[in-house]
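The values are calculated or read from the model by the stated rules, or taken from the named source; none is laboratory data. Predicted, not measured: the structure shown is a model, and the values here were computed from it. Quick reminder, even Gly has a Cβ in these numbers, built from the backbone with ideal geometry, and neighbours come from all protein chains shown. Just the protein is used for accessible areas: all its heavy atoms, side chains included, with ligands, DNA and RNA removed. Shrake-Rupley method; radii C 1.70, N 1.55, O 1.52, S 1.80 Å.
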Amino acid sequence: MANKSICVYCGAQNGAMPEYEHTARAFGKLLANRGWRLVYGAGGTGLMGVLANAVQESGGETFGVIPKHLVEWEMSKTDVTRYVVTETMHERKKIMFTNADAFVALPGGAGTIDEFIEVLTWAQLLLHRKPIILFNDEGYWDPLVELLNHVVKQGFAKESLLTLFSTCSTLNETFHTLDSIEHPIDFAKS
Ligand code: AMP
């Protein structure tokens with residue numbers, strides 16, 4: 001199976017339920033077992049830290065990208081396979097975007113929502129066709145799905161907006177979608 005790079009957006013905090021952490025850990029393990037690379041925000045805290053540690057513990061590759069003003073604040077993980085410190089948040093997002101074959105949003109806060117919405121709007125503007133997955137762990141993203149449906153119903157987006165991302169409730173469903181990516185970027189060159 002070809003190597004793939006999966007960009008995961010998730011909380012810099014753990015969230016209120018232990019299930020979120022369990023899923024982040026299991027997700028990281030599955031990613032590493034497939035030989036895929038994690039692209040993420042290099043944070044060492046919350047679900048971000050749990051996820052990256054799980055990938056590393058299972059022998060997987062990690063690519064962390066963080067702006068310099070957050071290096072200490074987010075207790076950045078400098079022991080990732082590849083560590084990039086950027087000048088700005090925008091550079092961080094761009095590097096994460098360019099180096100990923102797909103995007104997955106696990107539960108998270110405003111930062112995670114921002115990142116998910118950005119790649120979704122870029123897909124809406126035909127800037128890319130990379131798969132976007134909303135991992136609806138424990139129904140966490142139900143209100144966001146409801147909001148996006150509301151946006152469509154009220155005529156502020158075409159129905160097609162809802163086809164630009166997949167909502168997955170289980171790891172199986174998520175990895176089934178990721179398995180179907182056919183032409184991953186060559187991450188040895190990225
Ligand atoms: P949060 O979901 O708020 O816990 O944040 C998760 C990650 O998203 C953290 O690494 C934040 O630095 C990052 N983040 C927060 N705001 C933004 C933003 N506007 N653009 C990109 N990343 C962000």
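Whole-Hz ³J(HN,Hα) for each residue in region 152-161, computed from phi via Karplus 6.51 cos²θ - 1.76 cosθ + 1.60 with θ = phi - 60°, x for glycine and proline: what do you get?
For region 152-161, the Karplus curve yields 5, 4, 8, x, 9, 7, 6, 3, 4, 3 Hz.
Compute the accessible area per residue over the chain, keeping the other protein chains in place, probe 1.4 Å, unit Å².
With the other protein chains kept in place, the chain gives 51 Å² per residue.
Sorting Thr177, Thr62, Thr81 by accessible area (1.4 Å probe), largest first, what list results?
Thr81, Thr177, Thr62
Keeping the other protein chains in place, figure out the carbon and sulfur percent of the accessible area of the chain, with a 1.4 Å probe.
Roughly 54 percent of what the probe reaches on the chain is carbon or sulfur.
Might you work out the accessible area of Trp122 for me, using a 1.4 Å probe with all protein chains in place, and round it to the nearest 10 Å²?
70 Å²
Each residue of region 99-116 in turn: what ³J(HN,Hα) in whole Hz from Karplus with 6.51, -1.76, 1.60 and θ = phi - 60°, glycine and Pro shown as x?
Taking θ as phi minus 60°, the curve returns 9, 10, 8, 7, 10, 10, 9, 8, x, x, x, 4, x, 5, 4, 4, 5, 4 Hz for region 99-116.
Per residue, what volume in Å³ does the convex hull of the Cα atoms of region 51-137 enclose?
Spelled out: Cα convex hull of region 51-137, divided by residues, is 109 Å³.
I need the GluC sites (Glu not before Pro) found in region 81-145, filtered to DSSP loop residues with at most 12 other beta carbons within 10 Å of theirs.
Glu87
Can you return the lysines within cross-link range of Lys4? Criterion is Cα-Cα under 16 Å, with same-chain partners fewer than 8 residues away left out.
Lys29, Lys130, Lys189
Averaging over every viewing direction, what projected area does the convex hull of the Cα atoms of the chain cover, in nm²?
Projected over every direction and averaged, the Cα hull of the chain covers 10.2 nm².
Give me a comma-separated list of calculated 3J(HN,Hα) values for region 15-32, in order, Karplus coefficients 6.51, -1.76, 1.60 applied at θ = phi - 60°, integers in Hz, x for any Gly or Pro.
Here the 3J(HN,Hα) series is x, 7, 10, x, 4, 4, 5, 4, 5, 4, 5, 5, 4, x, 5, 5, 4, 5 Hz.
Quick query: amide H of Gly41 versus all other amide H atoms, modeled in the peptide plane; which residues come in under 5 Å with a sequence gap of 5 or more or a different chain?
HN-HN under 5 Å from Gly41: Val65.
Scan around Tyr9 for amide H atoms under 5 Å from its own, H built in the peptide plane at 1.01 Å from N, and keep only partners 5 or more places away or cross-chain.
Amide H neighbours of Tyr9, under 5 Å, 5+ apart: Val104, Ala105, Leu106.
Using C-alpha positions alone, give me the convex hull volume of region 83-125 per residue in cubic angstrom.
Taking only Cα atoms, region 83-125 has a hull volume of 93 Å³ per residue.
In deg cm²/dmol, rounded to 500, what helix-only [θ] at 222 nm does the chain give when every DSSP H run of at least 4 residues adds -39500 (n - 2.57) and the total is split over its residues?
Calculated mean residue ellipticity at 222 nm is -12000 deg cm²/dmol.
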